[in-house]
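The next block holds one structure in the form of structure tokens; read it before the comments.
The values are calculated or read from the model by the stated rules, or taken from the named source; none is laboratory data. Just so it is clear, the structure is predicted and the values come from calculations on it, not from any experiment. So basically every Cβ, Gly included, is an ideal-geometry build from the backbone, and we count neighbours across all protein chains shown. Just the protein is used for accessible areas: all its heavy atoms, side chains included, with ligands, DNA and RNA removed. Shrake-Rupley method; radii C 1.70, N 1.55, O 1.52, S 1.80 Å.
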Amino acid sequence: MARATPARWGEIILLTVFGAFIATFLIDVRHLPMEGKILSYVLAPPMVIFLLICTAAVVLPRKKSAENDYLPTELGNGAVELGETPAKKAPAGPAALGLGRTIAMGFVLFGCIYLFGFYFGSGLMLLAWFALFRRFTVATTAITVATPLLLYVLFEQVMPVGLYEGYIVHLLQR
Amino acid sequence: MYFLNVFEGVIHGLGWILGDPTAVAVLLGGVIVGTVVGAIPGLGSKIALTILIPLTGPMAPYLALAFFLAISEAASFGDTIPAVLFRTPGTAGSAATAIDGYPLAQQGKAGYALGAGAMASFVGGNIGILISILFIPWLAEYVLLFGPPEYFWMAIIGISIIAVVSKGSIAKGLVAGLVGLFISFIGYDLVTGKTRFTFGFMYMEDGIDFMPAMLGLFAVSEMLKLATRRGGATQLENTDPTRGVWKGCLEVFRHPGTTVRSSLIGLFIGAIPGAGKAVASFLSYLTAIRTSSHPETFGKGEVEGVIASEAANNASGGGGGALIPTLTLGIPGSSGMALILAGMTFHGIRSGPSFIIFEADMMYAMFAGLIVAMFMALVVNLVLIKPVAKAVQIPNEILIPLILIMAFLGAYALRSSIFDMGVTLVFGILGYFMDRYGYSTVCMVLAMILGPIAEESFFQAYKIGGRSFSIFFTRPLSIALLVFLVIAMVGPSVYQYLKQAVRREA
């Protein structure tokens, strides 16, 4: 197996996720009634073949060069180059930290909204976000206060549809 | 007679739009939103559409469609601003604009370049709309010959072609497409009503809705990409970006050949599923160099380069080329069109010849709204250059949490489901890594949209054919589509092999 450098771990994880999708598909499809199975069976072989092709690309040794480490998709400024694009390095240092923090804050946002509802939850998340980045200025404080207020006014007064109130509110209402 | 009917339809549609102040206000809002999101690098119309589509429920369908297209087209106007001022394209379609736009800005002619870009976008976009309005109803008459077997093959072709032309390897594109198909199968089976791949979770019984998935794959993953790079710190140099704007606008009419040719290139490329605005604008730019009497001036501040790029950018987009396969066949011409298609589905409209023929009034009203939006976009872009240029400088640390909140809001608004918010988050992370390692997220999204169409058509054809598969291989149109599919899949590899063989012999 080719050396699983940190640069390729992400690719391996992604292939594992896709492989899990397809394995689930192949296992579950057997329990379907015949009528529902036909298209599933037609599609199953190509799915397996293509997954094997991509797995081979990861597993088999290949020439070590800068171009092979990542398949770039676009340049940093959003531009797209036609034809071959140059390789770019794995996110490391500040870039990887930025990615990790943003993913973590995504979960924090989900948790805050689930527990406290949209209004309070979004405000809490913004507070946590600017605290994490140590970026408390007049503008960011105003955004932290204004965003929940704006959501409340928009969804409770202007368009009275209401948003999720939060699990804790439901508990308190019982 | 045909042209008269089309003209009458458009006039009738203009009456609907202009006679309703709410419609005008909605279109103006869409244009402003589109201009701003197009101008901020890393955002783009896709994020605005994914967030706003779920919130357009109360709108009339024709107005909602015009609103979506207005956002899409206005983004192609707005992306010129950062390309010229900061050499940072707002979207991929304006990458070629920066090549000559930025040098013009450095020479103190930023307003001149922005005026030329805005007017070129306006003219190119209108040429695209005009030809689409004339071409789409005519094409729809032929698409009526399509039956369920043909729709099945068209859905498979749609997914496969995107895999072939998208970035990264074809195999990975097809894996992404097949996984998207699998995701579209989750939930109740169309034929038997039994649940599939739900693992007993009640939330999964309605399936994975493609809107939260798209919010994740486009909006959230884009924010994750922004988080890995510094941005928003560009400073507007000491230059007035409004000086010379009108002179720039007039420049477009001094190069009519370039403008019309670039618009037609954009229209043609935009109609090819998966080709995209970037291909259209670069091809048009390169053609302008080749046909110019002074090619050495390109890259140093030649306004014709800006005109060529922007005219193609707009002609290929939401109102032009990309709309042709989307409306006639229900196959999105680009990832932006995939979102427009999702918006149509959200409002209960099935794209295809039935929409064009039986909902012609709605279609013409949509085009009328788009024409009105183009005029609005031109004015907004010329008048709001300075405020939009300031918006480009919003730091990423402020932009990212706000977009995340909007994305979660959009996901929740669809079905009032916390589960959909979780789907958005998971697909956002998945989308980031897919894009990073060369798996096309556009393929996955298209497959999620086309999957139910493919399955429904498959079973309809299977039953019509007396429970035999031969119906897929015996109808002339089906055979033609199958041959096209094989050529599209195998053609690029064969071409590369032959090219290398010829090179080796030489």
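Of all residues assigned to the range B:488-498, none qualifies as being in contact with a helix residue (DSSP H, G or I) (Cβ under 8 Å, 6 or more places away or on another chain) and at pLDDT 80 or above. Just one of the listed residues (B:G9, B:G34) is assigned to a helix (DSSP H, G or I), at pLDDT 85 or above and touching a helix residue (DSSP H, G or I) at 6+ places or on another chain (Cβ under 9 Å), and it is B:G34.
Within the range B:39-83, track down each residue that is assigned to a helix (DSSP H, G or I), small (G, A, S) and under 21 Å from B:A413 (Cβ atoms). Don't jump to the end; show me each part of the working.
Taking the range B:39-83 and keeping what is assigned to a helix (DSSP H, G or I), we get B:39, B:45-56, B:61-78, B:80-83.
Still in the list and also small (G, A, S): B:39, B:45, B:48, B:64, B:66, B:70, B:72, B:74-76, B:78, B:83.
Residues satisfying the conditions are B:S45, B:A48, B:A64, B:A66, B:A70, B:S72.
In the range B:84-109, the qualifying residues are those that are small (G, A, S) and surrounded by fewer than 23 Cβ atoms within 10 Å (Cβ to Cβ), and the one that is farthest from B:L414 (Cα to Cα) is B:G108.
Filtering the range B:184-230 to residues that are in contact with a Leu (Cβ under 9 Å, 6 or more places away or on another chain) and assigned to a loop (DSSP other than H, G, I, E, B) leaves B:D189, B:T192, B:K194, B:D209, B:T228.
Looking at B:F433, B:F408, B:F427, which is the one that is surrounded by 24 or more Cβ atoms within 10 Å (Cβ to Cβ), part of a helix (DSSP H, G or I) and facing chain A (nearest Cβ under 7 Å)? I'd like the intermediate steps shown before the answer.
Numbers: B:F433 fails: surrounded by 24 or more Cβ atoms within 10 Å (Cβ to Cβ); B:F427 fails: facing chain A (nearest Cβ under 7 Å).
Within the list B:F433, B:F408, B:F427, the selection yields B:F408.
For residues that are in a helix (DSSP H, G or I), more than 10 Å from chain B (Cβ to nearest Cβ) and among the hydrophobic types (A, V, I, L, M, F, W, C), tally how many sit in the range A:135-150. Count: 6.
A residue that is in a helix (DSSP H, G or I), of a type in the set (K, R) and within 14 Å of chain A (Cβ to nearest Cβ) occurs somewhere in the range B:459-482.
Does B:A95 satisfy being touching a helix residue (DSSP H, G or I) at 6+ places or on another chain (Cβ under 7 Å), assigned to a helix (DSSP H, G or I), over 15 Å from B:V380 (Cβ atoms) and of a type in the set (G, A, S)? In short, yes. Evaluating B:S493 against the criteria (1) closer than 30 Å to B:S169 by Cβ; (2) surrounded by 13 or more Cβ atoms within 10 Å (Cβ to Cβ) leaves one unmet condition, (2). Residues of the range B:278-307 that are closer than 19 Å to B:R254 by Cβ, of a type in the set (G, A, S) and touching a residue at least 60 places away in the same chain (Cβ under 8 Å): B:S284, B:G301, B:G305. The one condition from (1) within 14 Å of another protein chain (Cβ to nearest Cβ); (2) of a type in the set (G, A, S); (3) in contact with a helix residue (DSSP H, G or I) (Cβ under 6 Å, 6 or more places away or on another chain); (4) within 25 Å of B:P332 (Cβ to Cβ) that B:G124 does not meet is (1). Of the listed requirements (1) open to solvent by 10 Å² or more (accessible area, probe 1.4 Å); (2) within 13 Å of another protein chain (Cβ to nearest Cβ); (3) more than 29 Å from B:L327 (Cα to Cα), B:P401 misses just one: (1). From the list B:A70, B:A60, which residue is away from chain A (no Cβ under 12 Å) and without any contact (Cβ under 8 Å) to a residue 60 or more places away in the chain? Result: B:A60 is the single residue among B:A70, B:A60 that is away from chain A (no Cβ under 12 Å) and without any contact (Cβ under 8 Å) to a residue 60 or more places away in the chain.
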